[in-house]
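Down below is the structure, laid out as structure tokens.
The values are calculated or read from the model by the stated rules, or taken from the named source; none is laboratory data. Only a predicted model underlies this, so the values are computations on that prediction, with no experimental measurement involved. Backbone-built Cβ (ideal geometry, glycine too); neighbour counts: all protein chains shown. Side chains are part of the model used for accessible areas, which takes the heavy atoms of the whole protein and leaves out ligands, DNA and RNA. Shrake-Rupley method; radii C 1.70, N 1.55, O 1.52, S 1.80 Å.
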Amino acid sequence: MKYYSTNKQAPLASLQEAVLRGLAPDKGLYMPEHIKHLTKDYFEGIKQYTMPRLSYIVSHCFFGEDIETESLKKIVYDTLSFPIPVVKVEDNIYCLELFHGPTLAFKDVGARFMARLLEYFVRKNNMGKINVLVATSGDTGSAVANGFLGVDGIHVYVLYPKGKVSKIQESQFTTLGKNITALEVDGCFDDCQALVKQAFIDEDLNKHMRMTSANSINVARFLPQSFYYYNAYAEMKKLGKEKDLVVCVPSGNFGNLCAGLFAWKTGLPVKRFIAANNANDVFFQYLKTGEYNPQPSKQTLANAMDVGAPSNFARIYDLFGGSHEAITSLISGATYNDEQIKKAIKDCYEKNGYVLDPHGACGYLALKEGLKKGETGIFLETAHPAKFKEKVDAILGTDIEIPDRLQKFMKGKKVSVPMTKDFKDFKAFLMKQ
Ligand SMILES: *Cc1c(COP(=O)(O)O)cnc(C)c1O
């Protein structure tokens, strides 16, 4: 399969090139040239498959031409070594719990897949060292660092905004050592993202080291996230609740929603999607007006969604041929401020005994407000509430338990490199590596 750039000014790339580059040379995002359609039989029979099995079948649509069957199977099965259950929260509202992986957020899926795929390419082609640069607003860094920890031939640089990620999040990428280096940037998430993007197009750096990105701009990160949308459908089918299914996705950089849209393009019978935003409402405004106006990001309770210039907007736009009408006929939006998020966490706990994290809370609320008669909704719970323990406990007056796999990180010693948001400094640092 070839991959083209959303900016249409770069040559077509192979999967390996697209994964190694991250961003296309024209600064566009790579898109698979063809999207295969799964058969009706697949969706009819989907509930008899385990999640890894149904994902493995799907993975052929995207990766089957480029990775040998046995290797692809191993990559998919290794990636999905934890459950992604559907849980009923209240009548007609279900939750896809994406937090059962090693770092308790959905990004484990894409990060684990990408680490294994890169390792496969490095081995197969005897490549030298590969450097993975990743900007994080919290959860990407931990998922990527843990996904790649100890993988031979790969070094990971995590850039995160100083003072803007929770202590627990920070501990998940600053305490690992080995092939993981954390950079504490004096700026916001968008500054971190800008540094990474600039590094990729810098000639000197490209001569000095081989770099790639593990942000959701990378096709190996976001495409595998489509797997759990099929799993959600399979689980809903088991419950006899798959008709008129509405999927609601708490969104920041829109990689997750984009994966759902790709699943839909292969034929996944989802009726419509809702993109739930916090106060960073650039996409919501686009849906309303047809104008896409990136903004500086605003800090909110749902900090992993504090994105003012969502990278994957370009992919969504391209996927629908730039048609505002096509996009709005499938996707609606919602935007919530911190007060509304707090109230949703409280209401859901009081009504259902279910503890939401601030990101999932946006999804829950958007479904509650947006679901029409006869529809069944499922929202993606993108992280475990314990990742945001201080905030959630303060809202609910609880003392929620921290899972063991999370506690383990908090005992480690923080090591990070202070960095300014000036590209000159970042470049100088990398040139010394
Ligand atoms: C990254 C993240 C999001 C946003 O996902 P995108 O793919 O960037 O839209 C939402 N919730 C949590 C908990 C996250 O870590």
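Data overview
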quantity	calculated
Residue that is nearest to the ligand (Cβ to nearest atom), among those in region 253-279 that are farther than 29 Å from residue 39 by Cβ and open to solvent by 10 Å² or more (accessible area, probe 1.4 Å)	253
Residues satisfying the stated conditions in region 10-34, i.e. in a loop (DSSP other than H, G, I, E, B) and either open to solvent by 50 Å² or more (accessible area, probe 1.4 Å) or among the basic types (Lys, Arg) (or both)	11, 12, 25, 27, 33, 34
Residues located in region 376-433, provided they are among the acidic types (Asp, Glu), away from the ligand (no atom under 16 Å from the Cβ) and closer than 21 Å to residue 165 by Cα	393, 399, 401, 404, 422
Output for region 18-33, where each listed residue is modelled with pLDDT under 95 and out of contact with any strand residue (DSSP E or B) (no Cβ under 6 Å at 6 or more places or on another chain)	19, 21, 23, 25, 27
Residue pairs meeting the criteria (Cβ under 9 Å; at least 6 apart or on separate chains; first farther than 24 Å from residue 339 by Cβ and without any contact (Cβ under 8 Å) to a residue 24 or more places away in the chain, in region 272-299; second of a type in the set (Val, Ile, Thr) and open to solvent by less than 40 Å² (accessible area, probe 1.4 Å))	293/282; 294/282
Check on residue 286, surrounded by fewer than 24 Cβ atoms within 10 Å (Cβ to Cβ), modelled with pLDDT of 95 or more and in a loop (DSSP other than H, G, I, E, B)	no
Conditions (1) away from the ligand (no atom under 15 Å from the Cβ); (2) in a helix (DSSP H, G or I); (3) of a type outside the set (D, E, K, R); number of the one not met by residue 344	(1)
Residues of region 115-141 that turn out to be over 17 Å from residue 307 (Cβ atoms), touching a Gly at 6+ places or on another chain (Cβ under 7 Å) and surrounded by 24 or more Cβ atoms within 10 Å (Cβ to Cβ), as a count	1
Neighbours by Cβ (under 7 Å, 6+ apart or cross-chain): first from region 244-256, on the phi > 0 side of the Ramachandran plot; second of a type in the set (A, V, I, L, M)	254/316
Hits in region 293-327 - residues which are within 14 Å of the ligand (Cβ to nearest atom) and of a type in the set (Lys, Arg)	315
Qualifying residue in region 58-71 (condition: in a helix (DSSP H, G or I), β-branched (Val, Ile, Thr) and over 18 Å from residue 238 (Cβ atoms))	yes
Verdict on residue 298 being at pLDDT below 95 and part of a loop (DSSP other than H, G, I, E, B)	yes
When residues of region 163-183 are limited to those that are within 21 Å of the chain's Cα centre (by Cα) and among the charged types (D, E, K, R), the one least open to solvent (accessible area, probe 1.4 Å)	170
Subset of region 369-385 [part of a helix (DSSP H, G or I) and in contact with an Asp or Glu (Cβ under 7 Å, 6 or more places away or on another chain)]	385
Leading residue by the ranking (surrounded by the fewest Cβ atoms within 10 Å (Cβ to Cβ)) among those in region 142-162 that are assigned to a loop (DSSP other than H, G, I, E, B) and touching a strand residue (DSSP E or B) at 6+ places or on another chain (Cβ under 8 Å)	153
Test: residue in region 2-9 that is of a type in the set (S, T, N, Q), open to solvent by less than 10 Å² (accessible area, probe 1.4 Å), outside any helix (DSSP H, G or I) and within 18 Å of residue 216 (Cβ to Cβ)	yes
Subset tally (residues that are outside any loop (DSSP other than H, G, I, E, B) and in contact (Cβ under 8 Å) with a residue 60 or more places away in the chain) for region 116-141	11
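Every residue, every condition in (1) under 30 Å from residue 226 (Cβ atoms); (2) at pLDDT below 95; (3) acidic (Asp, Glu); (4) in a helix (DSSP H, G or I), yes or no:
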site: 361; (1), (2), (3), (4): yes, no, no, yes
site: 367; (1), (2), (3), (4): yes, no, no, yes
site: 387; (1), (2), (3), (4): yes, yes, no, yes
site: 398; (1), (2), (3), (4): no, no, no, no
site: 405; (1), (2), (3), (4): yes, yes, no, yes
site: 409; (1), (2), (3), (4): yes, yes, no, yes
site: 415; (1), (2), (3), (4): no, no, no, no
site: 418; (1), (2), (3), (4): no, no, no, no
site: 424; (1), (2), (3), (4): no, no, no, yes
